[in-house]
1. Enumerate by residue number the GluC sites (Glu not before Pro) in the range 229-305 meeting two conditions: DSSP loop (anything except H, G, I, E, B), and at most 13 other Cβ atoms within 10 Å of the site's Cβ.
2. Looking at the P(r) of the range 44-188, how many percent of alpha-carbon pairs lie beyond 28 Å?
3. Take the residue pairs LYS61/LYS128; LYS162/LYS294; LYS57/LYS128; LYS213/LYS370 and return only those whose Cα atoms are more than 19 Å apart.
4. For the chain, compute Rh as the Kirkwood radius over C-alpha pairs and then the Stokes-Einstein diffusion coefficient at 37 °C and 0.692 mPa s; write the answer in µm²/s, rounded to an integer.
5. Would you please put 169-182, 270-283, 101-114, 211-224 in order of how densely packed they are, using the mean number of other Cβ atoms within 10 angstrom per residue and starting with the highest?
6. Can you return the aspartates and glutamates within cross-link range of LYS45? Criterion is Cα-Cα under 12 Å, with same-chain partners fewer than 8 residues away left out.
7. May I ask which residue of ASN255, ALA280, GLN91 lies farthest towards the positive end of the charge dipole of the chain, with charges of +1 (Lys, Arg) and -1 (Asp, Glu) on Cβ and the Cα centre as origin?
8. Quickly estimate the mean residue ellipticity at 222 nm for the chain, helices only: each DSSP H run with n ≥ 4 gives -39500 (n - 2.57), and the total goes over all residues, rounded to 500.
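The values are calculated or read from the model by the stated rules, or taken from the named source; none is laboratory data. What you see is a predicted model, and the numbers here were worked out from it, not measured in a lab. Ideal geometry is used to build each Cβ from the backbone, glycine not excepted, and the neighbour counts take in all protein chains shown. Surface areas here come from the heavy atoms of the whole protein model, side chains and all, with no ligands, DNA or RNA. Shrake-Rupley method; radii C 1.70, N 1.55, O 1.52, S 1.80 Å.
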Amino acid sequence: MIVVKLNKRGMEKILRHHLWIFLDEIKAVISDEMSGIANLFYDDKFVGKGLYNGKSKNAIKILTLKDAEINTEFFEKRFKTATMRRKNLSQYRREINSEGDLIPGLVVDRFGQTLVIQIRSLALEKMKNSIIDALVNVYSPNSIYERSDFESLPEEGLSRNKGLLYGKAPVTQIVEEDDLKFLVDVVKGQKTGFFYDQRESREIARKLAFEGKALDLFTYTGGFALNLAKSGMDVDAVDISSQDLEIGHQNAEMNGLKVNFIEQDAFDIKNLDLYDLIIADPPSLIKRKAEKNKAVDFFSELTDQIIDHLKDKGYACICSCAYNVNAEMIEKIVMNSSTKKSVIVRPICWTGLPIDHPHLLSMPETNYLKCFWFEKAIGI
């Protein structure tokens, strides 16, 4: 058994329902194990249970404040609560959103009868069998596939695992969203294969679309591009991955749409045309707060190019999926670029995480996605 004694700052985290405890918020650890389920104490009083990794600066992720057994039944209860939150959604959705669904370190995306999971905690990885049993009992899937093959590991000591965990090997899935269909490669695609978190932004893109020319940067497999083409726009879609663009071509054909897919670095669009609508949804540019200046430089250069290629009265959207790049920073970057380019910018709206990606008010870190929509107004 792992016993962790918290200091005052660690206990303050518990009281305000922040689910992460760092090493400097721990007074003592009594255990021969470096990871596993830990019983948490403050002044010799039990205060909760969490996922412990002694190799990680972010040492504890809180699971419960009760003295409950962490087993298959525990996960089943959390999964059933999560399904109630999503009862009116289609079967193409995120089922478990880590801290937002009070299971830190676990992500589960659903593609009809196939579940794709990511495990981001070393202690949780040790409980994989209990998690799989609970998923089978609650969701009755045909298959469960793991995509914990991260580019950069979220925790020290965690393995990069990928493969079939239950049922038969998944074939290419088809996601149905509104009146569009998307092919999803759950084995080779990015992360779990499809970005459900941009659902609301894709809806806004349709509402802002008008007759004219659009540019979808970092298109992946054409999520925004197909929605813009469906609305009647002439669309260029840019990505550096030939594999992702090939699926984008198949998605366009399957939906009877025409999209001009361009294989090139979406951070460099100097060779492209002028557009009436531009959307940029780059990958997470930073993993740590210390890299913030690097992200600002990337976004500033990208925003300069977007404004250069946006027609007067045109619309644009710039997205960030990095928590450390916040809304205030994005607005400041757009303001600085517009001032430099002598244009006026009129904000339209913000979009972010949809209902199947819940986040916690007590943990601003869980509200990671921010998309700023604006108009290039006519000069005074």
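1. Of the GluC sites (Glu not before Pro), not one in the loops of the range 229-305 has a Cβ with at most 13 other Cβ atoms within 10 Å.
2. 19
3. Check vs 19 Å cut-off fails for LYS162/LYS294; LYS57/LYS128; LYS213/LYS370.
4. For the chosen part, D equals 148 µm²/s.
5. Answer by packing, highest mean first, reads 211-224, 101-114, 270-283, 169-182.
6. ASP67
7. So the residue furthest toward the plus end is GLN91.
8. -8000 deg cm²/dmol
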